[in-house]
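Data first, discussion second: the structure below is written as structure tokens.
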Amino acid sequence: MTKRTITSRQVRRAQQMKETQNVSRKRRRVQTPPRHQNPGSAQEENRTNSSERQTPVSEQSRVSSVPVRPTDSAKTVSNNRRRGWMLWMVAVVAILIGIALAFFAEKQRQAEEQARSASALAASASRVAQSIQEEEKIGPKDPDLWSLLLANTTHPLPEGYEPELASVGYDFRGIEQFVDERVQQPLLDMLKAAEEDGVYLQVRSAYRSHENQTVLFESMKQDYMAQGYTEEQAYAATKRWRNVPGTSEHETGLAADIVEVGYGGSLDESLEQTEEAKWLYENAADFGFVLRYPKDKTDITGTSFEPWHYRYVGVEDAKKIMAEGLCLEEYLGMVE
Ligand SMILES: [Zn+2]
């Protein structure tokens with residue numbers, strides 16, 4: 001193996017030697033005395049060429065006498081130059097690769113940045129959508145709030161329910177009226193605000209005790225029976241106007257029938273056209289009151305349209321209910 005290697009090296013060496021000889025011969029030919037370059041005679045040129053061709057031995061002997069060192073040195077210089085070029089090329093390629101890598105790393109970073117900001121944007125959009133959805137879902141923040149107490153035919157008041165009462169003035173007959181003490185101030189503020197607008201309101205009927213409600217209900221039922229209604233018919237007819245005891249909002253102390261000062265006439269739908277009813281409809285929510293039995297909700301409330309009956313629910317909830325045109329049952333999600 002080693003032997004063969006040495007041999008091939010020797011062969012290569014010999015070839016190189018031969019090449020070198022050829023090179024030096026060519027060089028010498030180029031540097032041959034002017035007689036060869038003399039354009040004088042082509043014959044002489046031919047002769048010279050033929051003499052050169054005819055004297056390979058002397059040429060050989062002359063070349064062999066030339067020292068080897070300069071050839072080695074030239075080869076080393078050439079190798080060094082090639083190696084230098086190679087190093088340059090490698091450096092340039094390395095720099096190009098480095099630039100390319102940096103470029104792609106930057107691109108990658110930008111892509112990741114974009115993806116991050118896109119996902120942040122999506123998350124924020126989802127939060128906004130959620131908050132809009134929550135905003136759109138109309139309903140109370142706290143359905144158990146005292147002011148959202150529901151009293152209707154399907155939700156009778158707890159037995160013995162008795163609110164702390166406070167006065168809100170006198171009705172047209174001079175009978176003092178009371179409400180739940182927590183509603184006193186908002187109601188008086190509302191009456192005062194109406195007065196400042198030139199609309200004079202009066203509470204006609206507010207809190208009624210369970211006993212009082214029972215008396216009123218029975219009284220009206222008897223009136224119908226006196227007109228020829230059967231007891232069942234009279235009960236049904238009364239129920240259209242008066243809540244069955246225990247299911248009346250007047251027993252909560254949170255509601256009041258409000259009309260023009262001094263008005264003693266009947267309570268019917270025509271009152272809707274009065275200044276007082278209009279003012280109440282426009283402004284009551286600002287004081288926490290709602291129209292409790294709207295015209296288009298009688299199927300849900302089970303009670304006729306009463307443009308005079310207002311119920312305290314608190315300002316925030318009142319504004320939502322009136323703005324949406326809901327009845328309390330709808331707002332509380334307690335539609336039967
Ligand atoms: Zn009423």
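Give the residues of segment 264-292 that are more than 13 Å from the ligand (Cβ to nearest atom), surrounded by fewer than 18 Cβ atoms within 10 Å (Cβ to Cβ), in contact (Cβ under 8 Å) with a residue 12 or more places away in the chain and not polar (S, T, N, Q), sorted by residue number. Passing the criteria: GLY264, GLU269, GLU272, GLU275, TYR281, ASP286. Within segment 293-319, the set of residues being surrounded by fewer than 18 Cβ atoms within 10 Å (Cβ to Cβ) and within 38 Å of the chain's Cα centre (by Cα) comprises ASP296, VAL315, GLU316, LYS319. When LEU291 is tested against (1) touching an Asp or Glu at 6+ places or on another chain (Cβ under 9 Å); (2) not assigned by TED's automatic domain parsing to the domain that holds VAL313, only condition (2) is not met.
With respect to LEU254, is the statement that it is in contact (Cβ under 8 Å) with a residue 12 or more places away in the chain and within 16 Å of the ligand (Cβ to nearest atom) true? Spelling it out, LEU254 is indeed in contact (Cβ under 8 Å) with a residue 12 or more places away in the chain and within 16 Å of the ligand (Cβ to nearest atom).
Contact annotation: residue pairs with Cβ atoms under 7 Å, 6 or more positions apart or on different chains, pairing a residue in segment 232-251 that is among the small types (Gly, Ala, Ser) with a partner that is more than 14 Å from the ligand (Cβ to nearest atom) and outside any helix (DSSP H, G or I), are ALA237/TYR229; GLY246/PRO156; GLY246/LEU157.
For the subset of segment 199-235 comprising residues that are assigned by TED's automatic domain parsing to the domain that holds ASP180 and of a type in the set (Val, Ile, Thr), which member is nearest to the ligand (Cβ to nearest atom)? Per the criteria, the residue is VAL203.
The values are calculated or read from the model by the stated rules, or taken from the named source; none is laboratory data. Predicted, not measured: the structure shown is a model, and the values here were computed from it. Cβ: placed from backbone, ideal geometry, glycine included. Neighbour counts: every protein chain shown.
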